[in-house]
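Below is one structure; the comments refer to it alone.
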Amino acid sequence: MAIENADTAVSTLFDHYVNHSFATKEYQESVLERQLGKLLTDSNLRQRYSEQKLGTSDYPVKFPFVFVNESLPLQALKPIYLGHDEPAKIIEHGDAWISKMKRLNAAGQLALDTLFIAAPPEEGKPKLLKAFREICEELKAYPGVRVTSTAAGEFGILKQINKGIPASYTG
């Protein structure tokens, strides 16, 4: 009995301190934003991006990285944490951004290219992966909206970022 409780205690502590089970989606996304900011800095792209609100005065949507030229938002980058441990949490968080894309699109306020950098759930969890894929597909239904996974690694993410920048601005 004591060993069972010790195993449970060790497992709980491991989840808390190593797997960061205490971390909220807001915390997870702030970590993803810092990582993306570092990647942009290391790739000499950071100076092109700033935090901006897209949308209308009645419905502004904050993006941490927006590339603007002559007041035209060319590209918006948004890290999104979809690595939740329940399909409903993935869907609820994804739906919030699907709704934002819907409203920005209706107002004609989407950036020319919007790239979501999505942290996926762990492999081997079919229900979680199904919810993740569903959200990614629904986001991509809007004009100029793309989704890449953090699993693509830094090179893959940079490739997707560069793909969305008009050729006249890559030099």
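What follows draws every value from the coordinates through simple rules; no lab data is involved. Only a predicted model underlies this, so the values are computations on that prediction, with no experimental measurement involved. Cβ placement follows ideal geometry from the backbone for every residue including glycine, while neighbour counts extend to all protein chains displayed.
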Item to check | Selected from F67, L54, V147, residue furthest toward positive end of dipole (the range 21-147; charges at beta carbon) | outcome: F67
Item to check | Qualifying aspartates and glutamates (Cα of each under 17 Å from Cα of K89; at least 8 residues distant if same chain) | outcome: E26, E29, E122, E123, E134, E137, E138
Checklist entry - Taking neighbour counts of Cβ atoms within 10 Å as a proxy for exposure, in what order, fewest first, do Y27, Y142, Y49, Y81 appear? => result Y27, Y142, Y49, Y81
Checklist entry - Which order do V145, V31 fall in if you start with the one that has the fewest other Cβ atoms within 10 Å? => result V31, V145
Item to check | the range 24-166, relative contact order in percent, only Cα pairs under 8 angstrom and at least six apart counted | outcome: 21 percent
Item to check | Projected label distance in nm at Q47 and S71, using a 7 Å step from Cα toward the beta-carbon | outcome: 2.5 nm
Checklist entry - Charges only on Cβ, +1 for Lys and Arg, -1 for Asp and Glu: so what's the dipole of the range 24-166 about the Cα centre, in debye to the nearest 20? => result 240 debye
Checklist outcome for this item: Phi-derived 3J(HN,Hα) across the range 49-56 with the Karplus relation (6.51, -1.76, 1.60, θ = phi - 60°), rounded Hz, x for Gly and Pro, is 10, 8, 5, 9, 10, 9, x, 10
Item to check | Residue-span extension gain [E123 to S168] - 0.36 nm each, minus C-alpha spacing | outcome: 12.3 nm
Item to check | Distance between the range 53-69 and the range 85-142 - C-alpha centres, whole angstrom | outcome: 18 Å
Next on the checklist: Rounded, prolate or oblate, given the Cα gyration tensor of the range 20-86, with a/c below 1.5 counting as rounded?
Outcome noted: oblate
Next on the checklist: Using a Cα-Cα cut-off of under 29 Å, which lysines could be cross-linked to K163, ignoring same-chain neighbours fewer than 8 residues away?
Outcome noted: K25, K38, K53, K62, K78, K100, K102, K130, K140
